[in-house]
1. What are the GluC sites (Glu not before Pro) within the stretch 1-65 that DSSP puts in a loop, where the Cβ has at most 16 other Cβ atoms within 10 Å?
2. Hey, what angle do you get for helix 36-45 against the long axis of the chain, alpha-carbon based, 0 to 90 degrees rounded to 10?
3. Can you flag which of 104/205; 147/170; 104/147; 3/37; 3/151 are past 28 Å Cα-Cα?
4. In what order, largest first, do 217, 72 sit by accessible area if the probe radius is 1.4 Å?
5. Run through the DSSP bridge list for the chain and note the antiparallel percent, rounded to the nearest 5.
6. What whole-number value in Å² describes the accessible area per residue of the chain for a 1.4 Å probe?
7. What is the extension gain from residue 91 to residue 140, computed as 0.36 nm multiplied by their sequence separation minus the C-alpha to C-alpha distance, in nm to one decimal?
8. Be a star and scan the stretch 164-185 for residues whose amide nitrogen sits under 17 Å from the point 7 Å along the Cα-to-Cβ vector of residue 123.
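The values are calculated or read from the model by the stated rules, or taken from the named source; none is laboratory data. Just so you know, these numbers come straight off a predicted model, no measurement behind them. With ideal geometry, Cβ positions are generated from the backbone for all residues, glycine too; neighbour counts draw on all protein chains shown. Remember, those area values only see protein heavy atoms, side chains included, never the ligands or the DNA or RNA. Shrake-Rupley method; radii C 1.70, N 1.55, O 1.52, S 1.80 Å.
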Amino acid sequence: MEKANILIVEDEQKLSRVLQLELEYENYATEIANNGKDALNKLEDGNWDLVLLDIMLPELSGMEVLRRFRRTNQSTPIILLTARDQVHDKVSGLDLGANDYMTKPFQIEELLARVRVHLRQRSTIEQNGEQLSVGDLNVDIGTREVKREDKQIELTPREFDLLIYLLKNKNQVLTRDQLIEHVWGFDYYGDTNVVDVYIRYLRQKVDKEFNRAYIQTVRGVGYTIKDHVQ
Ligand code: CA
């Protein structure tokens, strides 16, 4: 298989070098951009499978890089690298179309796990084509459009990823641990309550106003999306 190409946008040289060594050790091809302008040039010229994007950058901020890149590219996964005091930036970064974020300082193992998840989601999306559905709920993976009864539903990137994973495995019961591993990309960080919280968000948006609920709780086990609701 061809190596996945990862662009590391980070102005702290020590960190970008560590990231590069670790990613290349995992057999990814990498390049480093150390300011915002350089990042935009490399994004436009290259064919990237994933981008690690620091927010605080010289020349052009990471948020501006994200905003400009997403005008023409909605599909390449982007993981933001943020400092602990940039909570506001995380939220607006996700709104601008980042897929995930890591708060510095982070464990390299956790970053690698998330990189694997986003690359895997990307390759299954490419293999499976663009549409997923159950009943009147339709998801276009390419445009990230979610509709029910032709009504547009707005989801955050994490809610979207959770819905996609449930739909890809519809009629199968998924445990909280499975959902954590495949949607969040790590199984040792935080606790599995986060799954219940996101399922609740998703139900609010996808099921609440409609008379059929697709997302089902399987008591003591986890969650499933069912074709046929009893
Ligand atoms: Ca920085």
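1. Passing both the DSSP loop test and the Cβ count: 2, 12, 26, 59.
2. Taking the Cα atoms of the chain, the angle to 36-45 is about 70 degrees.
3. Working: 104/205 31 Å; 147/170 17 Å; 104/147 36 Å; 3/37 25 Å; 3/151 40 Å.
Violating the 28 Å Cα-Cα cut-off are 104/205; 104/147; 3/151.
4. Details: 217 75, 72 120 Å².
So the residues, ranked largest to smallest area, are 72, 217.
5. On the way: 17 of 34 bridges.
Of those bridges, close to 50 percent are antiparallel.
6. On the way: 12260 Å² over 230 residues.
Roughly 53 Å² per residue, with all protein chains present.
7. Working: separation 49, 0.36 × 49 = 17.64 nm, distance 2.35 nm.
That works out to 15.3 nm of additional length.
8. 182-183, 185
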